[in-house]
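The values are calculated or read from the model by the stated rules, or taken from the named source; none is laboratory data. What you are looking at is a predicted structure, and each value in this text was computed from that prediction instead of being measured. Note: ideal-geometry Cβ built from the backbone for every residue, glycine included; neighbour counts use all protein chains shown. The protein model used for the area step is the full one, side chains on, heavy atoms only, and it has no ligands, DNA or RNA in it. Shrake-Rupley method; radii C 1.70, N 1.55, O 1.52, S 1.80 Å.
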Amino acid sequence: MAHQSNLSTSNSDLASDAIIPRRKIFTALGWACLWLLLIDVTINILFSMPALPTLRPNAIQQYFNYGRSVESKLRYMVRDDKESTAPIAYAGWIGADQDSILPIQASGSQKILIAAYGQSFTFHLLDALHKIDPRFELNLQGGPAAPLAHSYALFEKDSTHKQAKFVVLGVLASSLPRNVSPTTMTTWFEAATPYNYPRYYLEQGQLKVVKPFFNSLDELRNGLKNSEIWEQYKDFLRVNDPAYHSYVFDTDVFDYSALGRLIRRGYSHKHVHEVNARYWDERGFKNTDGLLDVSNALIKNFAQQVRKKGQIPLVLLLQDRGYEDHLVKAFQETLTAHNIPYFSSHDIAPSSDLSNFISDGHFKPEIDIKLATALNKLLLQYLAN
């Protein structure tokens with residue numbers, strides 16, 4: 001009996017010993033959670049974004065803001081009036097009229113007007129062209145990281161009354177997959193510029209279009225204020241944008257947590273990478289969702305419309321870093337078959353040579369000059385013919 005009593009006491013001691021570590025674990029977890037909460041709150045207080053999006057945040061504020069949902073970013077940058085709305089929110093809208101500040105014809109008989117539609121890569125190259133040959137005057141329109149679909153839509157809306165000798169369509173390699181989306185917001189998470197544009201598709205060989213849900217910043221602003229319209233917009237994206245992802249796009253509790261925003265930022269990088277991989281890999285662009293069929297049709301139609309007006313079309317194939325000559329491979333058959341003039345950056349500034357680029361991904365200014373010198377030679381050849 002004494003032996004059994006000792007055994008019982010021993011088992012009780014073992015049970016007690018097992019409980020103590022569990023208490024310590026839960027206590028440690030509790031303290032860890034408390035400290036994480038304190039860190040989260042402290043970061044939110046110390047590094048909150050400026051009250052107005054017109055004020056420039058510092059690098060740390062921007063770092064902890066990158067992980068906000070697209071919707072949260074929109075609500076921060078788009079305010080009730082122009083003075084308190086971020087300037088970038090106005091960029092790229094196809095309905096915006098810039099004719100009051102841009103030339104629609106050459107200023108003199110010795111001048112040559114170029115009307116161009118693209119993005120910053122296109123603008124930088126043509127600005128460099130103007131520097132080395134001021135005879136070329138510029139009417140530049142586009143949007144941040146604008147895809148071919150956006151540039152083509154701008155051209156169709158804008159070009160009917162332009163008296164330009166050359167009409168240029170700038171195609172950026174990294175933006176080409178955005179052709180299958182009606183906005184860059186779902187594929188350019190950290191910047192999330194809000195402009196919308198048409199999504200084109202082919203039906204029995206003919207180009208058809210899904211019109212933008214929002215056609216101006218004012219329409220978007222009203223949508224953000226109206227929950228019913230905003231839900232309709234998200235439904236529109238679910239149907240028409242293969243890149244839409246609710247966790248990346250929609251506002252949720254993570255927007256209020258600095259650490260939660262870091263988690264979403266990491267996930268968004270994975271999401272954007274996976275989306276891009278549907279349409280491009282190291283061998284070149286893929287025809288997923290008809291990307292190449294539609295893009296080639298847009299280029300063909302662009303050249304046809306330009307030539308009907310007696311103007312010269314030119315397609316700029318701008319291959320940013322990592323994309324090799326993949327735009328040439330994607331479009332050369334169409335360009336050659338229809339005798340469409342084109343200029344490829346890869347021939348002069350290979351995208352595999354990272355020394356050609358600055359930290360934000362653009363070409364170095366001296367590379368833009370080098371490209372512009374070659375482009376100038378090409379344009380003068382067409383003028384001489």
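Couple of notes before you dig in:
- Beta bridges per DSSP with both ends in region 49-199, % antiparallel, nearest 5: 10 percent
- Rounded tilt (10° steps) of 2-46 against the dominant C-alpha axis of the chain: 30 degrees
- Trp280, Trp230, reordered so the largest accessible area comes first (probe 1.4 Å): Trp280, Trp230
- With all protein chains modelled, accessible area of Trp93 [1.4 Å, Å²]: 20 Å²
- Top of Leu38, Leu327, Leu224 by mean-square fluctuation, Gaussian network on the chain, Cα under 10 Å: Leu38
- Counting 0.36 nm for each residue step from Asn287 to Ser246 and taking away their Cα separation leaves a gain of 12.3 nm.
- Pairs beyond 26 Å (Cα-Cα), from Lys211/Lys364; Lys73/Lys131; Lys211/Lys286: Lys211/Lys364; Lys73/Lys131
- Accessible-area rank, largest first, for Ser48, Ser151: Ser48, Ser151, with all protein chains present and a 1.4 angstrom probe.
- Placing R0 at 25 angstrom, the Cβ-Cβ distance between Asn276 and Lys111 gives a FRET efficiency of 0.05 after rounding to 0.05.
- With R₀ fixed at 30 Å, the C-beta to C-beta distance from Asn58 to Leu36 puts the FRET efficiency at about 0.80.
- 222 nm mean residue ellipticity, helices alone, for the chain (DSSP H n ≥ 4; -39,500 (n - 2.57); rounded to 500): -15500 deg cm²/dmol
- Charge dipole (Cα centre; +1 on Lys/Arg Cβ, -1 on Asp/Glu Cβ; no other charges) of the chain amounts to roughly 380 debye.
- Expressed to the nearest 5 percent, the antiparallel share of DSSP beta bridges inside the chain is 30 percent.
- Per residue accessible area in Å² of the chain, where ligands, DNA and RNA are left out and the probe is 1.4 Å: 50 Å²
- Region 220-261 and region 146-178 have Cα centres separated by 28 Å.
- Furthest towards positive pole of dipole, Ile340, Asn215, Ala192, structure part the chain, Cβ charges: Ile340
- Listed residues His346, His124 arranged by accessible area, highest first, probe 1.4 Å: His124, His346
- Estimated at the nearest 10 Å², the accessible area of Phe254 is 70 Å² with a 1.4 Å probe.
- Whole-percent carbon and sulfur share, accessible surface of the chain, 1.4 Å: 56 percent
- Förster-model FRET efficiency, 45 Å R0, Asn301 and His269, C-beta, rounded to 0.05: 0.80
- The chain: radius of gyration and largest Cα-Cα distance (Dmax), Å: 27.1, 119
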